[in-house]
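Worksheet for the structure shown next.
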Amino acid sequence: MMAEFRSRTSDQLGSARLEPMGEGPASLFDDPLALIGLNAAAAVAAGALPEREPHPGAFYAFEALMGAFAIAEIWPAIFVRYEAGLLETLGFGLDLSRCASTGEMDDLVWVSPRTGRAVSRTAGAPYADKLLRLPPFMLGAQAGLDEGDVNDGLALTGHFLEQYVFHALNKPLPPARVWMMERLQEAGRL
């Protein structure tokens, strides 16, 4: 956005002119999946964030996600990280730094559905059927993105959004998010 302010002198009331720069969200009209993702992100934010409370971190994360929608191969993974950041902003952040039971920092492959803390492969093996899968890309930017990782990430963030945010508001997850997952599944992008 470009802004221009004009007045005769610096202490007089003047006028301002604002002009948008670039395409902005209009560039998403050519990619139906990205548009569905934008709709889902807006629905999650509108449903989860309290009204009239400033959350600048959520604003900047949403802005970054909007920019990522132009990159079809990676925006679903960034959407997962956006939701994880939204959980953090709301006070329900996931603790993926070390294993909840052993304190190990390596080989973290699951998350406890109750606590939101990471669990290592060895500590979680007996409870694997009760734990949520932790996709490697959520641990760091250097991890690759394998098939099924986005699905696991959306299941993980969706579980905690549903349990801690929307359930407390007596609401289900936004239908736009469910619809996005269905469309991504149909497109083979999960």
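The values are calculated or read from the model by the stated rules, or taken from the named source; none is laboratory data. Keep in mind that what you see is a predicted model, and the values were worked out from it rather than measured. Cβ: placed from backbone, ideal geometry, glycine included. Neighbour counts: every protein chain shown.
At-a-glance table
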| quantity | calculated |
| --- | --- |
| Residue within region 171-189 that is touching a residue at least 24 places away in the same chain (Cβ under 8 Å), among the β-branched types (V, I, T) and under 26 Å from W75 (Cα atoms) present | no |
| Any hit, region 132-140, residues being aromatic (F, W, Y), closer than 30 Å to E53 by Cα and surrounded by 13 or more Cβ atoms within 10 Å (Cβ to Cβ) | no |
| Out of S112, S10, sole residue that is of a type outside the set (F, W, Y), more than 24 Å from P175 (Cβ to Cβ) and buried (at least 18 other Cβ atoms within 10 Å of the Cβ) | S112 |
| Residue list for region 90-109, filter: among the β-branched types (V, I, T) and surrounded by 18 or more Cβ atoms within 10 Å (Cβ to Cβ) | V109 |
| Cross-chain or 6+ apart pairs with Cβ under 7 Å, region 123-148 first and over 21 Å from M105 (Cβ atoms) and touching a residue at least 40 places away in the same chain (Cβ under 8 Å), then surrounded by 12 or more Cβ atoms within 10 Å (Cβ to Cβ) and among the aromatic types (F, W, Y) | L145/F137 |
| Meets criteria (under 15 Å from the mean Cα position of the chain (by Cα) and modelled with pLDDT under 95) for A141 | yes |
| Positions within region 156-190 being of a type in the set (A, V, I, L, M) and in contact with a helix residue (DSSP H, G or I) (Cβ under 9 Å, 6 or more places away or on another chain), in sequence order | L156, L161, V165, L169, L173, A176, V178, M180, M181, L184, A187, L190 |
| Helices (runs of 4 or more DSSP H) lying entirely in region 1-101 (those with 1 or more residues that are under 30 Å from G124 (Cα atoms), of a type outside the set (K, R) and without any contact (Cβ under 8 Å) to a residue 40 or more places away in the chain) | 75-89 |
